Amino acid sequence: MKHRRWFKAFALVAVLSIMAAACAGDDGGTSTSGDVDCATVEFGCVEVGADEPINLGAAQVISGADATL
């Protein structure tokens, strides 16, 4: 039973470490969302106003001419 307690503690530390690493930014954890140059971003930028809705869509074709999409 003693080994099980150590395993649980190790697993908890591992999960929390992974979560902390996933939440950190590429530049050490600081966010620079306003410093993006839309001309150099691969897919460009989309600006949405505070009261404007964001519409999401998906093409879920599994047969026919568009099946390769």
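Annotations
- Coupling constants for the range 52-61 follow from the phi torsions by the Karplus curve (6.51 cos²θ - 1.76 cosθ + 1.60, θ = phi - 60°), and in residue order they are 8, x, 10, 9, 10, x, 8, 9, 10, 8 Hz; glycine and proline get x.
- Backbone HN-Hα couplings from phi across the range 36-46 [Karplus 6.51/-1.76/1.60, Hz, Gly and Pro as x]: 8, 8, 5, 6, 9, 6, 4, 9, x, 10, 10
Read-outs throughout are calculated quantities, based only on the coordinates presented, and are distinct from any laboratory measurement. Remember, it's a predicted structure, so these values are computed and weren't measured experimentally.
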